[in-house]
Every structure is written in C-alpha cells, then in structure tokens.
C-alpha cells in the first residue's frame, strides 16, 4: 500500500487520541488533539486544508480537508455513530480534487476508533481539471513548481 508506514503512524496517533479522550466530543476537539499528537511525533500537518474548485475558469467552491499530513495524506475526521458511504465519498472527492493519492477517514464517534484507508481512483482523462490547489504548507514553493495547480504534489489533476 502506498504510504503504508505514514498511515500507520497517523492511525497510531488516532488511537492515542481515542484512548485518552474517549468518544462523545465534537469533531473539532479531535482535530485539535490530532494536531497535537501528530506534531509531537514530528510529522508536518496542516489543518483545514483548502481546495478551490473551478468551473469554466470561475471559482465555484472551496472545500476543506480536516488534516493534511506530510504533504502526502489527507485525513478526514468524523465524530458520528458510524461511517457512512457519503463520508467515504467525501474523502474520494478530496483525493480527486487535489490529485493526492491517499486519504484516511477516521471516526471518533463510537467506542472504538473506526477508520478507512482510501485511494485515488484511476481516471482516464486527467487533462482538464477544474480544481486548483492552494498550498498553505509551503506557499513559497508555488513560484518554483512546474505545475501551478498543485505545488505540493505535482501530478496531473483529475476532473471532478
């Protein structure tokens, strides 16, 4: 699996959080706790990571991934009774929108941590993507990258 070691580290952090806090808090509490633990482990992490969606060269929306770890893995947090198909679809859309290949969906809402590893689906047409990607991790990198759409992960973006 791609980034297996990194996703295992992230999951280890999530288990630390659920073991110390338990379930029942709002998602924002788990987000802040995950930020603390991930940083303590020496991992780079950005919360509320923005992705701008464009349609015919007009911005039509912005969505935010909860966490972006090591410029490689999008982490979406939930605090719900159980993970639903629409939660998985949300992460898949984040992957499609950014071109990032790996996502984790973590649910802190039940007694035991629920999680799913999700991967960018293969696409036949990646030439004209309406999604532009902002890089809060290293904004200076935007001027030096060959691909201005995604300076963190310069891949051909996929259509959403």
Given the structure, is residue 2 touching a strand residue (DSSP E or B) at 6+ places or on another chain (Cβ under 8 Å), surrounded by fewer than 15 Cβ atoms within 10 Å (Cβ to Cβ) and under 17 Å from residue 120 (Cβ atoms)?
yes
Is it the case that some residue within segment 40-52 is part of a helix (DSSP H, G or I) and under 25 Å from residue 5 (Cβ atoms)?
yes
State all residues of segment 62-83 that are more than 19 Å from residue 119 (Cβ to Cβ) and at pLDDT 95 or above; if no residue qualifies, say none.
79, 80, 81, 82
If we scan segment 49-61, do we find a residue that is in contact with a helix residue (DSSP H, G or I) (Cβ under 8 Å, 6 or more places away or on another chain), closer than 21 Å to residue 118 by Cβ and without any contact (Cβ under 8 Å) to a residue 60 or more places away in the chain?
no
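Residue-by-condition table, conditions (1) crowded, with 16+ Cβ neighbours inside 10 Å; (2) closer than 21 Å to residue 81 by Cα; (3) without any contact (Cβ under 8 Å) to a residue 40 or more places away in the chain:
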residue: 7; (1), (2), (3): yes, no, no
residue: 14; (1), (2), (3): yes, yes, no
residue: 18; (1), (2), (3): yes, yes, no
residue: 23; (1), (2), (3): no, yes, no
residue: 31; (1), (2), (3): yes, yes, no
residue: 37; (1), (2), (3): yes, no, yes
residue: 41; (1), (2), (3): no, no, yes
residue: 46; (1), (2), (3): yes, no, no
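The values are calculated or read from the model by the stated rules, or taken from the named source; none is laboratory data. Bear in mind the structure is a predicted one, so any value in this text is a computation, not a measurement. Here the Cβ is made from the backbone with ideal geometry for all residues, glycine too, and neighbour counts use every protein chain on show.
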